[in-house]
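What follows draws every value from the coordinates through simple rules; no lab data is involved. Keep in mind that what you see is a predicted model, and the values were worked out from it rather than measured. All Cβ positions, glycine included, derive from the backbone under ideal geometry; neighbour counts span all protein chains shown.
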Amino acid sequence: MGDNHPMTTSSDAPALPALVAFDLDDTLAPSKSAMPEPMAAALRSLLDVVPVCVISGGQIGQFRDQLLAHLGADDAELSQLHLMPTCGTRYYVHGAGGADDRSPGAIEGMPGWRLVYANDLSPQQIEEGFAVVEAEARRLGLWEERTWGDILEDRGSQITFSALGQEAPLQAKRAWDPTGEKKGALRDAVAARLPGLEVRSGGSTSVDITLKGVDKAYGMTRLAEVTGIPGERMLFVGDRLDPEGNDYPVLALGIPCHAVSGWEETAIFVADLAQRIASAGAGAAPDSGTAGSGGA
Ligand SMILES: [Mg+2]
C-alpha cells in the first residue's frame, strides 16, 4: 500500500464515519497526562452517536489513568468505546458478555472492562529483549543512573525502554534527546540484534519492541475485523501523521485521517463532528457492529 492518501479535513471529509478512532497522547490528552474536561465532554457527545476507538502504544493502565478516569461516560457511552493499548495487540471492551470483576479477562481497577484478546511476546522474547536493550544502552552510554521508575518494562505484547524511567518528568524527558539521535542509535543497535522483532523509537525517551508488523495499522486492521466496520468507513484522528510519526501507518493503510496538533484542536473537531453525525440522524448507521452486541 503506502499510496499518497490525502489527509481529510473537517471541511472536505467525504462522508460521515461509521467509527472514529483516536491516538491518545497529544491527541486526546497532553502526553502522559489527564484528558482535560472539554475533550472529555466532546468525546462523550461523540460516543452518543458513533462507536469510538482509542489506540495507542501505551498500556491499559495509561488508558485508565489518562482517559477513563476523566471521561465521565455512562454505561451506554462506554459500550461504544473500544480500547486498543500497545497498538491493538490488546483489545478491551466494556460491558460485553455481562463482564464483572471476576469474569475471565476482567481488569483490576477497571470494573466492567474485559480483555477480548492479547497477542503477547513469549517469555523468551521478553527475556532476550531486556538483555539486548540493556547491553546496547550501556555500550552506547545511554543507560542512565538517575531515573524515575523502571527503565525496562514488560507490557505483555511490548517491551518498552524509557531512558529516564517510566515516571520521569516531562521536562527532563524533553531535554534528554531533543534531536532523536540517542533513540535512533539505540533503536538501530537493538534492531540489528533482534531481527525477529520490531524495534521502534516511541515517545520522547523511549524505544519499543513488539512482534514484527505491529503498529497502529495492525491495530486498525484488527479493529475492522472485530467490529465488521471496513477501514474506509472509519476516521482516524492523530497528532503524528507525518511520515516519521507513530500514527503514519494508519494513513499509509488508506484509512481516512484527520491531523491535529493537540487536544484543544481535537476537542473542537470532535464537538463539531458529533453534531454533524447527530444531525445526519438515520445516515449514521446505528447498526454498525460494535463488539459484544450479542449473537445475530
Ligand atoms: Mg500522539
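Laid out as a table, the results:
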| quantity | calculated |
| --- | --- |
| Extended-chain gain in nm, criterion 0.36 nm per residue less alpha-carbon gap, Arg146 and Glu265 | 39.3 nm |
| Debye, to nearest 20: dipole size of the chain, +1 on Lys, Arg Cβ, -1 on Asp, Glu Cβ | 300 debye |
| Test item: Cα-centred dipole of the range 28-79, Lys/Arg +1 and Asp/Glu -1 on Cβ, debye | 240 debye |
| Gap separating the Cα centres of the range 12-79 and the range 139-182, nearest whole Å | 26 Å |
| Sum of side-chain charges, Leu83 neighbourhood, beta-carbon under 11 Å (Lys, Arg +1; Asp, Glu -1) | +3 |
| Relative contact order (%) - criterion: Cα under 8 Å, at least six apart; region: the range 88-211 | 20 percent |
| 5 angstrom amide H check on Leu121, placed H, neighbours 5+ away | Ser157, Gln158 |
| Most positive-pole-ward Cα, Leu241, Phe161, Gln124, against dipole of the chain from beta carbon charges | Gln124 |
| Taking the chain and dividing mean pair separation by its residue count, relative contact order in percent (alpha carbons under 8 Å, at least six apart) | 25 percent |
| Under 23 Å, Cα to Cα: Lys pairs in the chain, sequence gap 8 or more or different chains | 9 |
| Cα-based radius of gyration of the chain once divided by 2.2 N^0.38 Å, which approximates compact folds | 0.99 |
